[in-house]
Amino acid sequence: MVLIRSLPIYLTLLLLEYALLVRSVYSSNAFSRVVQHTHQIAARHTRNIARDLRLAFGAVLVSDPSQQPLDDGRAVYCKSSAAAGNGGQGNNSSSPTGTNSQGTGTSTNSAAVGSPTTSAVSTPWKLIEAHNGSDFFQGWSFFTGSDPTHGVVDYLDINDATSAGLAYVNSAGNAVMSVDTTNNLTSNRKSVRITTSSQYDQGIWILDALHMPTGCGTWPAFWTNGPNWPAGGEIDIVEGVNTYTNNQATIHTNPGCTISSSNSTVLGITGTIVGGTNCAAAETNNQGCGVRSSSDVSFGAAFNKNGGGVYASKLDDTGVSIHFWPAGQVPSDVLAGTPNPSLATWGTPFAQWSSSGCNPNTFFHDHSAIFDTTFCGDWAGSVWTDSGIPGQEQSCAQSTGYPTCEAFVMAEGSAFTEAYWEVKSVKIYQYQS
């Protein structure tokens, strides 16, 4: 336009006339193709700009300085032989150390156990953190300290764990955490323990898993934990040892937290109390308040054979409650990523600790989620010669021919091909009225 304005008037008229003539030569379709091509180029540049912005802002979010590992130095305990005899549960408390992969995962819903046909429902519980798919390990730190429960295990950092093939996302998009299967070891067996970098005072933690570690000598767990154990509290969501088939959930707290009865009906749960009604670690030789699930497909080989399942642990002003749904029985709201515990479809929790005897605002705070697999130690090792627990009708000493858990674990690495987690997702929700 600058050029045209600078030309003499007669030349300007000639040029305009020539342009109109050229325009008439070409069909309207040809002109439309030019316009369309120009639009495509613009759209492609727009998408590239949007992608670059997402990447730039994504990097900022992943490096969020508020997502920091917990402080170290939590107390640990030795499991009492009395607790071992009745199948009591040990403690996995410790803070994450070692290599830290910062971030909060993604909010993309993973494929959940059960029917793929789901519909969203109204719920005040909103997704704030999700770990699934190729980004599953973002936002977890890999613990590399000595095992607080005295197992014959060495936990690897993220680099060594991935190099050894003990931590990865498989072709199905599920996170796998396994153990070394070398026979005749002269040092501890290698494994993985990870902790979320985030901490929450309240929330719902939902685990969707296909497979968990199983077999004599193993002690897997998924739980949430606060700082300065047991001051911040511990909620064991999934835990058991050896060949157990029924999961045990337990809480460990400072003195003052109790449950009102050992009667399941009175407590409004489907599980069975094990260990007593005093949840204080210091006053129960660290045993806490345990509840064994009535479901014989809630743990170990039975859980795996049944296709896995979903666990939901809710911590709010009403207390602590834990639900378990086997594969194919998961409520539609959970599958849809809109969990609503007030719905009848959730059913009765198998474990519950009411705020009337254990104020959650006093005994639980700053909880992170933790996965691990250890061997022997304070629980699995102490019940090696025991029998009569669901799934361990015959003792591991009898079934393996080894007099001690440690001897078996060090020698028989090939026995631990089933000692792995395969996890679809871990999602964390918070109440937002």
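The values are calculated or read from the model by the stated rules, or taken from the named source; none is laboratory data. Computed from a predicted model, the values in this text were never measured in an experiment. Glycine gets a Cβ as well: all are built from the backbone with ideal geometry, and neighbour counts include every protein chain shown.
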Hey, among the residues in the range 258-269 that are out of contact with any Gly (no Cβ under 7 Å at 6 or more places or on another chain) and assigned to a loop (DSSP other than H, G, I, E, B), which one's surrounded by the fewest Cβ atoms within 10 Å (Cβ to Cβ)? Asn263
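Could you identify the single residue in Ala415, Ala369, Ala380, Ala419 that is assigned to a loop (DSSP other than H, G, I, E, B) and closer than 29 Å to Gly307 by Cβ? Steps first, answer last, please.
Details: Ala415 fails: assigned to a loop (DSSP other than H, G, I, E, B); Ala369 fails: assigned to a loop (DSSP other than H, G, I, E, B); Ala380 fails: assigned to a loop (DSSP other than H, G, I, E, B).
The conditions single out Ala419.
Among the residues in the range 310-317, are any surrounded by fewer than 18 Cβ atoms within 10 Å (Cβ to Cβ), of a type in the set (Val, Ile, Thr) and touching an Asp or Glu at 6+ places or on another chain (Cβ under 9 Å)? Quick ask: steps written out before the conclusion?
Within the range 310-317, the subset surrounded by fewer than 18 Cβ atoms within 10 Å (Cβ to Cβ) is 317.
Imposing the further condition that a residue be of a type in the set (Val, Ile, Thr) reduces the set to none.
Checking the range 310-317: not a single residue is surrounded by fewer than 18 Cβ atoms within 10 Å (Cβ to Cβ), of a type in the set (Val, Ile, Thr) and touching an Asp or Glu at 6+ places or on another chain (Cβ under 9 Å).
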Counted residues in the range 223-260 being out of contact with any strand residue (DSSP E or B) (no Cβ under 8 Å at 6 or more places or on another chain) and either without any contact (Cβ under 8 Å) to a residue 24 or more places away in the chain or not β-branched (Val, Ile, Thr) (or both) come to 3
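Of everything in the range 128-161, what is assigned to a strand (DSSP E or B) and either among the small types (Gly, Ala, Ser) or crowded, with 18+ Cβ neighbours inside 10 Å (or both)? Give them in sequence order.
First, the residues of the range 128-161 that are assigned to a strand (DSSP E or B): 128-132, 140-142, 153-155.
Of everything in the range 128-161, those that are assigned to a strand (DSSP E or B) and either among the small types (Gly, Ala, Ser) or crowded, with 18+ Cβ neighbours inside 10 Å (or both) turn out to be Glu129, Ala130, His131, Asn132, Trp140, Ser141, Phe142, Val153, Tyr155.
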Ala327: passes all of (1) surrounded by fewer than 22 Cβ atoms within 10 Å (Cβ to Cβ); (2) more than 30 Å from Ile128 (Cα to Cα) but (2)
May I ask you to say which residue of Thr348, Thr362 is assigned to a helix (DSSP H, G or I) and either among the aliphatic types (A, V, I, L, M) or in the same structural domain as Pro230 (by TED's automatic domain parsing) (or both)? Thr362
